[in-house]
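This report concerns only the one structure given below.
The values are calculated or read from the model by the stated rules, or taken from the named source; none is laboratory data. None of these values were measured; they are calculated from a predicted model. Using ideal geometry, Cβ is built from the backbone for each residue, glycine included, and neighbour counts are taken over all protein chains shown. Only protein heavy atoms, including side chains, enter the accessible area calculation; ligands, DNA and RNA are left aside. Shrake-Rupley method; radii C 1.70, N 1.55, O 1.52, S 1.80 Å.
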Amino acid sequence: MSAKIKFYVVWEGRRPGVYNTWDECKRNIEGFPNAKYKSFASRKEAEAAYEEKPARHIFRKSEERKATSAHRVSAGGSPKKDSICVDAACSGNPGLMEYRGVDFISGEEIFHMGPFKEGTNNIGEFLAIVHGLALLRQQHHPSKIIYSDSKIAIGWVKKKKCGTKLELTRHNGHLFDLIHRAERWLENNTYQNPILKWETEVWGEIPADFGRK
């Protein structure tokens, strides 16, 4: 079976535009702070999206899923509203990775880091949780919940150790620096914030989902 053709929009990167291949897209976003990009099934759709604001496309699926989640909650579900949700996205394993945190009630993006070279999804989830903990501690919100859909990352945080088997290379040194900083933060700080598993099967995709599945 032939691979499905995709077209890539880069709204914020080294050279914004519409690209025919992932390699072209990657060259323009890799290492670019807070790059904004997304794949589309046709060039026509990609070109139309490029003329619009990225938020209309990057976060649209997350917003739709959040509405579905809200419906399920009203029908008897139960994520707590006083919370932030975190998620990571990775193109490849390892690959280009980024993570972010979103306020559950407003859907507002609170933080967004990356992309980072040669990362993994679990590393991104781990860093996102610790980033959220540090932010809530700084803002004096000791009871606010952090939701993640990664059991692995939640376990790493509780052990205060990133359990990745990823090897350090000349491309991901900065990412490993962030991992070590996160581990040191966990060792040197206490927190009361509950870290809970987001129940995707019941509530739909986590609101911080990047919507690129």
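A few notes on this one:
- Of all residues in segment 1-30, those satisfying the criterion of being in contact with a helix residue (DSSP H, G or I) (Cβ under 9 Å, 6 or more places away or on another chain) and either surrounded by 15 or more Cβ atoms within 10 Å (Cβ to Cβ) or polar (S, T, N, Q) (or both) are K6, F7, Y8, V9, V10, W11, G13, P16, G17, V18, Y19, N20.
- Just so you know, in segment 195-213 the residues that are open to solvent by 50 Å² or more (accessible area, probe 1.4 Å) and in a loop (DSSP other than H, G, I, E, B) include one that is nearest to V86 (Cα to Cα), and it is E199.
- Strands (runs of 3 or more DSSP E) contained entirely in segment 84-155, each with at least 2 residues that are modelled with pLDDT under 95, closer than 17 Å to Q192 by Cα and within 12 Å of the chain's Cα centre (by Cα): none
- The single condition among (1) open to solvent by less than 10 Å² (accessible area, probe 1.4 Å); (2) farther than 30 Å from S39 by Cβ that Q192 does not meet is (1).
- When residues of segment 79-123 are limited to those that are among the small types (G, A, S) and without any contact (Cβ under 8 Å) to a residue 12 or more places away in the chain, the one nearest to H141 (Cα to Cα): S106
- Only a single criterion out of (1) in contact with a strand residue (DSSP E or B) (Cβ under 7 Å, 6 or more places away or on another chain); (2) within 13 Å of E98 (Cβ to Cβ); (3) open to solvent by 70 Å² or more (accessible area, probe 1.4 Å) is not satisfied by P33, namely (1).
- Some residue of segment 136-158 being open to solvent by less than 80 Å² (accessible area, probe 1.4 Å) and in contact with a Pro (Cβ under 7 Å, 6 or more places away or on another chain): yes
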